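Every read-out reported here was derived from the displayed coordinates using simple, explicitly stated rules and does not represent laboratory data. In this text the structure is predicted, and so the values were computed from the model without any measurement. Methodologically, a virtual Cβ is constructed for each residue, glycine included, from the backbone with ideal geometry; neighbour enumeration extends over all protein chains shown.
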Amino acid sequence: MKILYLSDRYAWDMYGVKRSLYESLLETVPVDFVDYQEYHPEVRFEADARPLPPGKLYQLAIEGDHTHIFFASSCLAFEPEYMERLGKLKTLVGFGFSDPRFVENTRRHWRYFHAYFSLSESIADEAAKLGIPGGVMLPSIHPGFHDTCPADHRNSEYDAIFFGNIASHPDAPLRRTEIKRIREMGLSVLTVGHGGDIGHLEGKEALSVMSKARIGINVMGPASTLPHRIFEYSAANLCVLTTITKEISQCFDPGREVVSIDRPDLTDVLLDKNWCRAVAERGRRRCLADHTIGRRTETILSILGRLARRS
């Protein structure tokens, strides 16, 4: 197995963890990483994203000696006719954040993927009904990355932090409302991302800012999928304050490893630094046990191995 890994800045290193899938794969199989922008510098990852006409990148994809092509986002896929040709020669593996704004673009290419992994259980089930192997690809953490700068609850610069878009995301109004409510409880909150106190950060710079807080905030509307940020917060030893969904409850124990944003005694528990630190430590242990990038890589490769044995 040799993988051509097609990615872009958004799908690759938004906060610092996504790039580690590529790095973890390298520990097991040969991988060539290709930055999409190197071939299409004008591409933008946005709601109306559509695949660009084939060119140098498609030539590389179809002529290389790789056996598998990983698309870090379905928005990076080629036009259907070219995907169909490519799929006859290579094993095509798709990944998707499954943001509601991009789902239709994902469906446009599903039938060309030999395997597909999604953050959304409903989207993964929809793909499975089409006979596409894969399933839910949970977010993950990289111990070697997050261990370099853990949050210190006794000496935090801010009480809480929120990473994400509070200007134009569909959940932005809800996010702003909850952040305002937490500030009114007497807690200091730093917002990072589009519309926030600080603009977009990634990699080690993002981690260094994240670890200055003791609480990590996650606010979700009903259409949002399992977010990377809660895993990042937990791995960095922050107490996660979050909307509770079925998917989150399957990854963390509410009340012990994460805190519900709807708790009636929320002010009291958030002001209790010892209580928050205990939640953070339990959440971090859960991440290290169940949600590492190494475990995700093993899952992907085992599914591709079964796929190869069937062909």
Can you tell me the length gained on complete extension of the stretch residue 89 to residue 212, counting 0.36 nm per residue apart and subtracting the Cα distance? 39.4 nm
Amide H to amide H under 5 Å from residue 261: which residues, 5+ apart in sequence or cross-chain, H placed 1.01 Å off N in plane? 242, 243, 244
Let's test the formula: R0 of 25 Å, r as the Cβ-Cβ distance of residue 23 and residue 200. What FRET efficiency results, to the nearest 0.05? 0.70
Once a ≥ b ≥ c are taken as the square roots of the eigenvalues of the Cα gyration tensor of the range 77-178, is the result rounded (a/c under 1.5), prolate (a/b larger than b/c) or oblate (a/b not larger than b/c)? prolate
Which value in nm describes the separation of the simple spin-label points at residue 167 and residue 250, placed 7 Å from the Cα toward the beta carbon? 3.4 nm
How big is D for the range 219-293, in µm² s⁻¹ as a whole number, if Stokes-Einstein is applied with the Kirkwood radius of its Cα pairs at 10 °C and 1.306 mPa s? 128 µm²/s
Measuring from its Cα centre, the chain shows a charge dipole (+1 at each Lys and Arg Cβ, -1 at each Asp and Glu Cβ) which, in debye to the nearest 20, is 540 debye
Amide proton proximity set for residue 292, modelled H, under 5 Å, gap of 5+: 141
Hey, got the Cα dimensions of the chain along the principal axes, in Å, largest first? 59, 35, 34
Rounded, prolate or oblate: which fits the range 124-207 when a ≥ b ≥ c are the square roots of the eigenvalues of the alpha-carbon gyration tensor, with rounded for a/c under 1.5 and prolate only if a/b beats b/c? oblate
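In debye to the nearest 20, how big a dipole does the range 244-302 give about its Cα centre with +1 on each Lys and Arg Cβ and -1 on each Asp and Glu Cβ?
Numbers: 11 positive and 10 negative charges, 50 e Å.
I would put it at about 240 debye.
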Net charge within 11 Å of residue 149 by Cβ-Cβ distance, Lys/Arg positive one each and Asp/Glu negative one each, not counting residue 149 itself? -1
Hey, what angle do you get for helix 172-184 against the long axis of the chain, alpha-carbon based, 0 to 90 degrees rounded to 10? 20 degrees
Normalised alpha carbon radius of gyration of the range 163-280 [divisor 2.2 N^0.38 Å]: 0.98
Can you list residues from other chains, or at least 5 along the same chain, whose modelled amide H is less than 5 Å from the amide H of residue 95? 71, 73, 74, 117
If we count other beta carbons within 10 Å of each Cβ, what is the order of 287, 149, fewest first? 149, 287
Under 30 Å, Cα to Cα: Lys pairs in the chain, sequence gap 8 or more or different chains: 28
Could you tell me which residue out of 220, 138, 239 lies farthest along the dipole of the chain toward its positive end? Charges go on the beta carbon: Lys and Arg +1, Asp and Glu -1, centred on the Cα centre. 138
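Please give the net charge around residue 288, taking every other residue with its beta carbon less than 14 angstrom from that of residue 288, where Lys and Arg add +1 and Asp and Glu add -1.
Details: positive: 282, 284, 285, 286, 295, 296; negative: 147, 232, 257, 281, 290.
Summing Lys/Arg as +1 and Asp/Glu as -1 gives +1.
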Karplus (6.51, -1.76, 1.60) ³J(HN,Hα), θ = phi - 60°, over the range 230-237, in Hz, Gly and Pro reported as x: 5, 6, 4, 4, 4, 5, 8, 6
